[in-house]
1. Quick one: how many residues across the stretch 176-210 are of a type in the set (S, T, Y) and over 12 Å from the mean Cα position of the chain (by Cα)?
2. Looking at (1) at pLDDT below 95; (2) among the aliphatic types (A, V, I, L, M); (3) under 17 Å from the mean Cα position of the chain (by Cα), which one does I41 not meet, given that it meets all the others?
3. I need the full set of residues from the stretch 183-194 which are out of contact with any helix residue (DSSP H, G or I) (no Cβ under 7 Å at 6 or more places or on another chain) and either more than 19 Å from L234 (Cβ to Cβ) or within 13 Å of the ligand (Cβ to nearest atom) (or both), in order please.
4. Test I208 against the stated conditions and say whether it is assigned to a helix (DSSP H, G or I) and away from the ligand (no atom under 16 Å from the Cβ).
5. I'd like to know if the stretch 241-263 contains one or more residues that are touching a helix residue (DSSP H, G or I) at 6+ places or on another chain (Cβ under 9 Å), part of a helix (DSSP H, G or I) and among the hydrophobic types (A, V, I, L, M, F, W, C).
6. Go through (1) among the hydroxyl-bearing types (S, T, Y); (2) surrounded by fewer than 20 Cβ atoms within 10 Å (Cβ to Cβ); (3) assigned to a strand (DSSP E or B) one by one and return the number of the condition T28 breaks.
7. How many residues are surrounded by 22 or more Cβ atoms within 10 Å (Cβ to Cβ), among the hydroxyl-bearing types (S, T, Y) and without any contact (Cβ under 8 Å) to a residue 40 or more places away in the chain if we restrict to the stretch 211-249?
8. L106 - would you say it is outside any loop (DSSP other than H, G, I, E, B), touching a residue at least 12 places away in the same chain (Cβ under 8 Å) and away from the ligand (no atom under 16 Å from the Cβ)?
Amino acid sequence: MNAPPALSLCHPVTLSPCHLTRLAPSPTGALHLGNARTFLINWLLARQNGWKILLRIEDIDGPRIKPNADKQALQDLSWLGIDWDDGPIYQSIRLPIYQSAIEGLLSTGQAYPCICTRKEVDSAASAPHADDGAAVYPGTCRNRFATVDEARRAAGKPPAIRLAVPPGTTQFTDRFRGPALFDVARQLGDFVIAKADGTPAYQLAVVIDDAQSGVTEIVRGDDLLDSTPRQILLYHALSLQSSIPHYTHVPLVVGPDGRRLAKRHGDTRLATYRAAGIAAGDILALLAHWCGIATKARPTKAADLLGSFDMAKLPATPIVFDGNLTG
Ligand SMILES: [Zn+2]
């Protein structure tokens, strides 16, 4: 296999200490107020602390990718004055790298093929249920097939690949939320690292990308908090544990119904506001308010908030957006 493309300003072998974070818009939709706030927090933390910023487009979720959503995301970020130092890099050109990692995990017995359907997993009588109601995978296919080919022949179609999750707890200290502890084997079970169609799971792709890019700081919405223990398990499985980054999970923006901001709450896309003639400063003023920033002057670009942003003042509970731009 060819060496991966050079990605990073902060290669792990660099002797000088270097912090790198990444902005990773997913081109499955346009940036809205909710993800704009998370990107702004990530950017402010980076620029306050001297971290470099890598832009990464997470475009391996084939059918859900919207044409030009990547370019739109870059435009939206730039409109707010959010910049980056390297990238964009696209996950879609890195598929052979993920594939090679999956094969490595299969060859060491840390992953295995699974032919269970979703329905079978959900209805497995012995399956306990995770806190969020999702069925815990009961391990049906662990030790069931000697090879992926054998699983393929048994099912008459390609299998998914699951990580054999070791028993025990996974702990980390979140920079915003403090200590966190999960038991992935009990709460989730062996999880999918490649879908039956060969697409690598989000968890696997981001771990490999972050490790190879030398990402040391991950800032994201707390809807991804329960992804973190899975990703930490993958760092270990891939012998990348020296590259496990620091995590900062921040509360989300929700609608009046308490659910994560989405289409059902109306059109909150940045592009829509921009097209309607609303100034970036008006959006930034609202985002600043949501970040606990008491702005004296109206901001016109993200950098205007650098002097007043304080992580300690970031609200610890979700922000409720009622549709009113003036907050
Ligand atoms: Zn299975």
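The values are calculated or read from the model by the stated rules, or taken from the named source; none is laboratory data. Note that this is a predicted model, so its numbers are computed, not measured. FYI the Cβ positions are ideal-geometry reconstructions off the backbone, even for glycines, and counts take in every protein chain you see.
1. Applying the first criterion (of a type in the set (S, T, Y)) to the stretch 176-210 yields 199, 202.
Within this subset, residues satisfying the condition of being over 12 Å from the mean Cα position of the chain (by Cα) are 199.
Residues that pass the stated criteria total 1.
2. (1)
3. Once the filter is applied, which keeps residues that are out of contact with any helix residue (DSSP H, G or I) (no Cβ under 7 Å at 6 or more places or on another chain) and either more than 19 Å from L234 (Cβ to Cβ) or within 13 Å of the ligand (Cβ to nearest atom) (or both), the stretch 183-194 yields G189, D190, V192.
4. Values: assigned to a helix (DSSP H, G or I): yes; away from the ligand (no atom under 16 Å from the Cβ): yes.
It is true that I208 is assigned to a helix (DSSP H, G or I) and away from the ligand (no atom under 16 Å from the Cβ).
5. So far as the stretch 241-263 goes, no, none of its residues is touching a helix residue (DSSP H, G or I) at 6+ places or on another chain (Cβ under 9 Å), part of a helix (DSSP H, G or I) and among the hydrophobic types (A, V, I, L, M, F, W, C).
6. (3)
7. Selection size over the stretch 211-249: 0.
8. Numbers: outside any loop (DSSP other than H, G, I, E, B): yes; touching a residue at least 12 places away in the same chain (Cβ under 8 Å): yes; away from the ligand (no atom under 16 Å from the Cβ): no.
Taking the combined requirement at face value, the residue does not satisfy it.
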